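For reference, the structure is listed below as structure tokens.
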Amino acid sequence: MYYKLFEAVISVVLIILIGFLAAKFGWCNKKSKEVLSEFALNFTVPALLFVSFSSTQINTIFNIRFIIGIILVFYITFLLSYIISNFFLKISDTAKILYSMLTSWSNFTYIGLVLFASLFNDKGINAVSVIILITSIICLPTVIILLEISNHDKNESRSKIILKSIKRACCQPIIFASFIGIAFSCFNIHIPYAIHSSLHILGRSTAGIVLFVVGVSLSGRGFRITKTILSAVIIKLIIQPLIALLIVYILGLRGYLAIILILSFGISSGALPILFSHKYNSFVTESANILLLTNILFMVTILFFYYFLLQYLHF
């Protein structure tokens, strides 16, 4: 398990390094970074989610306590992070939302699948599929609406801003692709092989594109550690899995679902917040640094939590 996880992390760091060197040697400029970011957000991520959800037998993998746990861990961490950023960090409203998303959103689709497939085989893959589904259709729309609200004209009425933000959020490809994929699964609609294959190829390019963009972003101001970055890393790798542990006890979850719920929120930050930081032109360098640091350091924290759960809590 640890060897596979180490390989996954090394590949993440190498792709970031390639992006960094490409920018340093002038092979990729700011405009290229923006185009790649927009392409990933509007095409590859929606394709990835649609293929994933449309090919998943949703009714066979649901556990209500597990789902409630996912929602609670995400929103409690998000709210805590927002409060901390609001009172202790001097960053913009948009940056506060991105900061909170980075501390709440894990790399489920890459690191999560590698980790839990190694630990629990098909059961682990199915559980991660549930996490990806719930965070995509419940948690993600909330974040997008908040980002839209923070970027609207402040002179408009609050109700008008909220309605416009909800409308804009629902029109984003990443949202309606998720819901269309779920509809295909629920109604057992089969996609022609050629279409499924093309979308699958497109979706698989997501991780490489986003990590490359992270490397390009780091080339501008380089690697650095600030109070904002350090606090985000601590929340993501230490506080969030502790919140998950508390929720597991409250809900009475046991066995492999309890372990997956705790560890899935203790892995590195996901790449999606990086795309939003580029889209809204805020918190770009900080997001890249947080993603890089959590990808390196979670190797230590995840082992601690895993063996602690097995040895002392007997999960």
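Beta carbons closer than 9 Å, at least 6 apart along the sequence or on distinct chains, pair a first residue in region 12-27 that is under 16 Å from A288 (Cα atoms) with a second that is of a type in the set (S, T, N, Q) and in a loop (DSSP other than H, G, I, E, B) for V12/N107; V12/S268; A23/N29. Residues in region 48-69 that are more than 24 Å from I247 (Cβ to Cβ), among the small types (G, A, S) and either in a loop (DSSP other than H, G, I, E, B) or at pLDDT 90 or above (or both): S55 only. The numbered conditions (1) within 29 Å of L253 (Cα to Cα); (2) in contact (Cβ under 8 Å) with a residue 60 or more places away in the chain; (3) out of contact with any Gly (no Cβ under 7 Å at 6 or more places or on another chain) are all true for L89 except (1). Of the helices (runs of 4 or more DSSP H) lying entirely inside region 203-268, those containing at least 2 residues that are more than 21 Å from I125 (Cβ to Cβ) and modelled with pLDDT of 85 or more span 206-221, 227-234, 240-251.
One residue stands out among those in region 199-246 that are among the β-branched types (V, I, T) and under 18 Å from T301 (Cβ atoms): the one that is surrounded by the most Cβ atoms within 10 Å (Cβ to Cβ), which is V233.
Keeping to region 65-105, report how many residues are closer than 18 Å to V284 by Cα and of a type in the set (V, I, T).
So the first thing to find is which residues in region 65-105 are closer than 18 Å to V284 by Cα, and the list is 81-82, 85, 89-105.
Narrowing the set further to residues that are of a type in the set (V, I, T) leaves 91, 94, 97, 103.
Matching residues across region 65-105 total 4.
Criterion first (assigned to a helix (DSSP H, G or I) and farther than 30 Å from K123 by Cα) does S282 satisfy it? Walk me through it before giving the result.
Working: assigned to a helix (DSSP H, G or I): no; farther than 30 Å from K123 by Cα: yes.
Considered against the rule, which asks whether it is assigned to a helix (DSSP H, G or I) and farther than 30 Å from K123 by Cα, S282 comes out as no.
If we scan region 110-122, do we find a residue that is surrounded by fewer than 16 Cβ atoms within 10 Å (Cβ to Cβ), more than 18 Å from F265 (Cβ to Cβ) and out of contact with any helix residue (DSSP H, G or I) (no Cβ under 9 Å at 6 or more places or on another chain)? Yes, because at least one residue in region 110-122 is surrounded by fewer than 16 Cβ atoms within 10 Å (Cβ to Cβ), more than 18 Å from F265 (Cβ to Cβ) and out of contact with any helix residue (DSSP H, G or I) (no Cβ under 9 Å at 6 or more places or on another chain).
The values are calculated or read from the model by the stated rules, or taken from the named source; none is laboratory data. Predicted, not measured: the structure shown is a model, and the values here were computed from it. Cβ sites come from the backbone with ideal geometry, for glycine too, and all protein chains shown count toward neighbours.
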